[in-house]
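As structure tokens, the structure follows; a few thoughts come after it.
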Amino acid sequence: MADTLYVKYRTSDTGARPIPAGEVFWTSPSIFLTDDDGKSLPEAQLGKTNWIHVQVDSMSPGPRSGVRVQVWVCDYTGGYIGPDAARESSGGRRGRRGAVATPITSKDPGVAKVPWIPTEKDLINSPDPTKGHLCVGANVVVEMPPPPEGKYLSGSTTGMGGDGGRLDVVGDRHHGWANIIVVKPAPGIRADVPFRVMNPGPEVAEFTLAAIEREGDEAMGPLAQEHLLMDRCVDLEGGGPPPELIPAACLTEPWERRWLAQGGQLVLRGFPDPVPLRPATNRARFQIVTEESAGEEVRIRIRPGEEVPVVLTIDGTGEVGAVHAIDVMQIDPGGLVLGGGRIIVLQVPEWFC
């Protein structure tokens, strides 16, 4: 059976793998989170049903049925995702599962929906005990019959019920990773983004953590605009009216994606005159902070299986409405990028905080 199904790592993804070196592969537009009513959730909500949606695309015009996904919710991490890093509430190493109800073709992708209720233990990386920043990994499989398509997981022994391993997003088109948040620093006020780094190898190793600001319009691309519009401080002006919410059970794309498709300009709420959001002209001020060092690039020794807390600090500026995009990456001793997280930084006035 030809290998045709895939999870997009970027909007223009057509399924070719491996992903070229240097490409960001942790901001999939095909993985998104909503509540029961279909309202997008920028952060996981404690004790409530959070719906994880995974869009599955195909390179073939022929219909594929029996498509299912596994998802794993992991701490906000730069290292790796999958069974070995999963939170217990998301099914632990076995993950949680959902089915695509419709046949999938190259013209008609399908969406699987997986319910998940976070616990307080899951959200230990957030200063607010009711919500937190996490990342989601997804794996696409086809049930018997037909026979399973593609490889499942590194280290998996039972396919759909795999009880170990890590996702290979770069090399396996069936795997996807979504790790993106929005923070809003104000002048003189620092925003902190806590996360964890782990060692996927069998021996102690020294890793490089690097924070890189992306230049130009990447800070305000389609996916960034969707996440900005999820924030209660952001509105859309000059386009069509807000579309009606579609319940999670029937949803095929984020509500913000449908609204943005009608045109318009993202603006900050609460001003007498609209303040448009735009790519920043000045460089952001940020650094990675560990117990031993701080900087835009640091080195850290990690034991196998250890989870090391790290913080990215971002200082607010006076450029209200400016948007930055910062990627935090973990790089192994051989120079391989293991993974990362995207932080969208929206500069706001002091009275917003």
Item checked: Lysine pairs with alpha-carbon atoms under 20 Å apart, the chain, spacing 8 or more or separate chains -> 11
Notebook entry, point to check: In nanometres, what is the gap between the two model label sites at T11 and E88, each 7 Å from Cα along Cα-to-Cβ?
Noted result: 4.1
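Quick check: residue separation of D315 and I189 times 0.36 nm, minus the Cα distance between them. What number comes out in nm?
Length gained, D315 through I189: 44.7 nm.
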Notebook entry, point to check: With charges only on Cβ, +1 for K and R and -1 for D and E, what is the dipole size of the range 230-353 about its Cα centre, in debye, rounded to 20?
Noted result: 160
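Rounded to the nearest 500 deg cm²/dmol, what is the calculated helix-only ellipticity per residue at 222 nm for the chain, with -39500 (n - 2.57) per DSSP H run of length n ≥ 4?
Taken over the chain, the calculation gives -1000 deg cm²/dmol.
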Item checked: Paramagnetic label zone (point 7 Å from Cα along Cα-to-C-beta, L336; backbone N under 16 Å) in the range 165-201 -> 165-173, 198-201
Check: What residue among F207, F195, F271 shows peak mean-square fluctuation when the chain is described by a Gaussian network model with Cα springs under 10 Å?
Finding: F271
Check: What is the packing order of peptides 30-40, 176-186, 99-109, 72-82, taking the mean over residues of other C-beta atoms within 10 Å and listing the highest first?
Finding: 72-82, 176-186, 30-40, 99-109
Checklist line | Farthest toward positive dipole pole in the chain [+1 Lys/Arg, -1 Asp/Glu at C-beta], among Q347, T14, Q45 | finding: T14
Item checked: the chain: relative contact order as a whole-number percent, Cα under 8 Å and 6+ apart -> 21
Check: With the contact rule set at Cα under 8 Å and sequence spacing of 6 or more, what percent relative contact order holds for the range 1-121?
Finding: 27
Margin query: Here are labelled values, (1) 1.18; (2) 0.96; (3) 1.01, and one is the computed Cα Rg over 2.2 N^0.38 Å for what I pasted. Which one?
Written below: (2)
Check: Which whole-angstrom value gives the distance between the alpha carbon centres of the range 197-245 and the range 69-84?
Finding: 17
Next item on the list: Could you size up the charge dipole of the range 1-140 around its Cα centre, putting +1 on the beta carbon of Lys and Arg and -1 on that of Asp and Glu, and report it in debye to the nearest 20?
Entry: 380
Check: Under a GNM of the chain (C-alpha, springs under 10 Å), which listed residue has the highest mean-square fluctuation: P333, P115, P276?
Finding: P333
Checklist line | Cα-projected label distance for E297 with A101, points at 7 Å along beta-carbon direction, nm | finding: 5.0
Margin query: Net charge around D231, counting only other residues with Cβ within less than 11 Å of its Cβ (Lys, Arg = +1; Asp, Glu = -1)?
Written below: -1
Notebook entry, point to check: Nearest 0.05, what FRET efficiency do Q287 and E244 give at R0 = 41 Å with Cβ-Cβ as r?
Noted result: 0.40
Note to self: With +1 assigned to the C-beta of every Lys and Arg and -1 to the C-beta of every Asp and Glu, and no other charges, what is the dipole magnitude of the chain about the Cα centre in debye, to the nearest 20?
What the structure shows: 720
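Computed from the coordinates by the stated procedures, all read-outs in this text should not be read as laboratory data. Everything numeric here is computed off the predicted structure, so don't read it as measured data. Please note: Cβ atoms are built from the backbone with ideal geometry, for glycine as well, and neighbour counts cover all protein chains shown.
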